[in-house]
């Protein structure tokens with residue numbers, strides 16, 4: 001057994017909270033142990049269910065409030081429950097018999113959503129509060145929480161030539177309004193449930209996840225999907241121009257979905273990361289203009305660019321410092337953006353033309 005200190009600087013005010021905890025070894029996770037994925041009807045949750053199914057786990061439960069026909073991925077052999085996890089009783093039903101819980105349920109989307117619907121984003125704290133309590137009461141051995149790079153101090157992200165953000169940069173706290181504060185507060189819940197109640201919690205700060213089977217229209221999509229759709233629409237309509245939110249100089253890194261689900265697994269099964277927020281993102285930094293150029297190359301077009309400076313644009317720059325994850329796991333997300341975009345663009349193009357022909361698609 002090993003002794004693990006709580007991470008310095010995260011949600012600890014009293015000296016008596018600085019005590020060390022003994023990390024007890026779990027029983028190895030068996031293929032027939034119950035794994036629960038909340039937000040299982042969403043992009044990341046659906047892909048995570050598929051990931052565990054392909055690894056041979058036979059008792060998977062995916063939970064989402066959306067009706068089944070709106071789920072992005074429905075994996076054969078997975079128990080699918082339509083439950084509203086803002087309700088405490090629904091959370092207890094979701095966590096029944098679980099060995100591990102992966103909490104991905106939230107009301108969120110791309111910048112067009114999280115800047116305009118901050119109250120809805122903040123209300124996800126209710127989901128996080130109920131799910132972790134239900135997991136604790138159910139005797140769950142490991143609990144994963146999906147946080148976000150939006151939890152980082154926004155004063156460090158005011159220049160497109162931003163330095164990569166390391167985990168300690170969340171404090172002093174000045175998170176993005178709404179969504180970022182929801183994530184930061186819920187991280188503290190995870191740390192205190194470990195400190196006071198002994199449930200092993202794991203926290204990953206996602207950096208812009210993209211890929212097939214994700215949101216690509218309707219206002220909740222993120223930049224890779226939004227720009228892919230706009231290029232597809234322009235090509236289909238014979239237009240030669242495109243509208244970009246902001247000035248195009250904003251910088252971001254984008255993580256492909258297969259790297260994301262692999263990282264979730266690695267983080268959740270590393271006792272050195274208990275109650276310790278960690279970046280999960282690519283360190284390949286690009287401007288929005290560069291991102292569009294990559295998509296244009298895939299599509300074989302060149303479009304005239306117009307810029308909407310009044311549209312939501314988020315922080316000026318954000319990148320993931322992967323020093324910590326490489327040190328602890330000997331791994332980092334490494335799918336090249338060009339490779340991931342090619343697969344994503346092809347999938348969105350298929351969905352676009354299916355919808356145009358009157359077929360049902362999930363957007």
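The values are calculated or read from the model by the stated rules, or taken from the named source; none is laboratory data. Nothing here was measured: the structure is a model prediction, and the numbers come from that model. Cβ: placed from backbone, ideal geometry, glycine included. Neighbour counts: every protein chain shown.
Every residue in segment 219-245 that is at positive phi and in contact with a helix residue (DSSP H, G or I) (Cβ under 9 Å, 6 or more places away or on another chain), please.
Filtering segment 219-245 down to residues at positive phi leaves 219, 238.
Of everything in segment 219-245, just one residue is at positive phi and in contact with a helix residue (DSSP H, G or I) (Cβ under 9 Å, 6 or more places away or on another chain), namely 219.
Check 98, 135 and return the single one that is within 21 Å of residue 276 (Cα to Cα) and either touching a strand residue (DSSP E or B) at 6+ places or on another chain (Cβ under 7 Å) or crowded, with 22+ Cβ neighbours inside 10 Å (or both).
Details: 98 fails: within 21 Å of residue 276 (Cα to Cα).
It is 135.
Look at residue 248 and say whether it is at positive phi and either without any contact (Cβ under 8 Å) to a residue 60 or more places away in the chain or in a helix (DSSP H, G or I) (or both).
Values: at positive phi: yes; either without any contact (Cβ under 8 Å) to a residue 60 or more places away in the chain or in a helix (DSSP H, G or I) (or both): yes.
Judged against the criteria, residue 248 is a match.
What residue, of 218, 248, is surrounded by fewer than 21 Cβ atoms within 10 Å (Cβ to Cβ) and under 21 Å from residue 318 (Cβ atoms)? Show your work before the answer.
Values: 218 fails: under 21 Å from residue 318 (Cβ atoms).
On inspection, the qualifying residue turns out to be 248.
From the set of residues in segment 246-294 that are at pLDDT below 95 and in contact with a helix residue (DSSP H, G or I) (Cβ under 6 Å, 6 or more places away or on another chain), which is nearest to residue 228 (Cα to Cα)?
Looking at the filtered set, the residue picked out is 248.
Just the residues that are outside any loop (DSSP other than H, G, I, E, B) and at pLDDT below 95, please, taken from segment 198-223.
Within segment 198-223, the first condition is being outside any loop (DSSP other than H, G, I, E, B), and the residues that meet it are 200-206, 209-210, 223.
If the condition is that a residue be outside any loop (DSSP other than H, G, I, E, B) and at pLDDT below 95, then 223 is the only one that fits.
Exactly one condition in (1) modelled with pLDDT under 95; (2) within 24 Å of residue 134 (Cα to Cα); (3) surrounded by 14 or more Cβ atoms within 10 Å (Cβ to Cβ); (4) in contact with a strand residue (DSSP E or B) (Cβ under 9 Å, 6 or more places away or on another chain) is not met by residue 26; state its number.
All conditions pass for residue 26, except number (3).
Among what's in segment 167-181 and is farther than 22 Å from residue 325 by Cα, in contact (Cβ under 8 Å) with a residue 24 or more places away in the chain and out of contact with any strand residue (DSSP E or B) (no Cβ under 9 Å at 6 or more places or on another chain), pick the residue that is surrounded by the fewest Cβ atoms within 10 Å (Cβ to Cβ).
Across segment 167-181, the extreme among qualifying residues is 177.
In segment 139-162, how many residues are surrounded by fewer than 21 Cβ atoms within 10 Å (Cβ to Cβ), under 19 Å from residue 102 (Cα atoms) and in contact with a strand residue (DSSP E or B) (Cβ under 8 Å, 6 or more places away or on another chain)? Break it down into steps so the answer makes sense when it comes.
Going through segment 139-162, the residues surrounded by fewer than 21 Cβ atoms within 10 Å (Cβ to Cβ) turn out to be 139, 141, 153-156, 158-162.
Now drop any that are not under 19 Å from residue 102 (Cα atoms), which leaves 139, 141.
In the following step, the residues that additionally are in contact with a strand residue (DSSP E or B) (Cβ under 8 Å, 6 or more places away or on another chain) were identified as 141.
So the answer is 1.
Per-residue answers, yes or no, for (1) touching a helix residue (DSSP H, G or I) at 6+ places or on another chain (Cβ under 6 Å); (2) closer than 16 Å to residue 260 by Cβ; (3) at pLDDT 95 or above; (4) buried (at least 20 other Cβ atoms within 10 Å of the Cβ):
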{"site": "47", "(1), (2), (3), (4)": "yes, yes, yes, yes"}
{"site": "52", "(1), (2), (3), (4)": "no, yes, yes, yes"}
{"site": "56", "(1), (2), (3), (4)": "no, no, yes, no"}
{"site": "59", "(1), (2), (3), (4)": "no, no, yes, no"}
{"site": "63", "(1), (2), (3), (4)": "yes, no, yes, yes"}
{"site": "79", "(1), (2), (3), (4)": "no, no, yes, no"}
{"site": "83", "(1), (2), (3), (4)": "yes, no, yes, no"}
{"site": "87", "(1), (2), (3), (4)": "no, no, yes, no"}
{"site": "91", "(1), (2), (3), (4)": "yes, no, yes, yes"}
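Any residue at all in segment 128-140 that is under 16 Å from the mean Cα position of the chain (by Cα) and either modelled with pLDDT of 95 or more or farther than 30 Å from residue 23 by Cα (or both)?
Taking segment 128-140 as the starting set, the residues that turn out to be under 16 Å from the mean Cα position of the chain (by Cα) are 128.
Cutting the leftovers down to either modelled with pLDDT of 95 or more or farther than 30 Å from residue 23 by Cα (or both) gives us 128.
Within segment 128-140, one or more residues are under 16 Å from the mean Cα position of the chain (by Cα) and either modelled with pLDDT of 95 or more or farther than 30 Å from residue 23 by Cα (or both).
Would it be correct to say that residue 175 is part of a loop (DSSP other than H, G, I, E, B) and within 22 Å of residue 128 (Cβ to Cβ)? Write out each step before concluding.
On the way: part of a loop (DSSP other than H, G, I, E, B): yes; within 22 Å of residue 128 (Cβ to Cβ): yes.
Spelling it out, residue 175 is indeed part of a loop (DSSP other than H, G, I, E, B) and within 22 Å of residue 128 (Cβ to Cβ).
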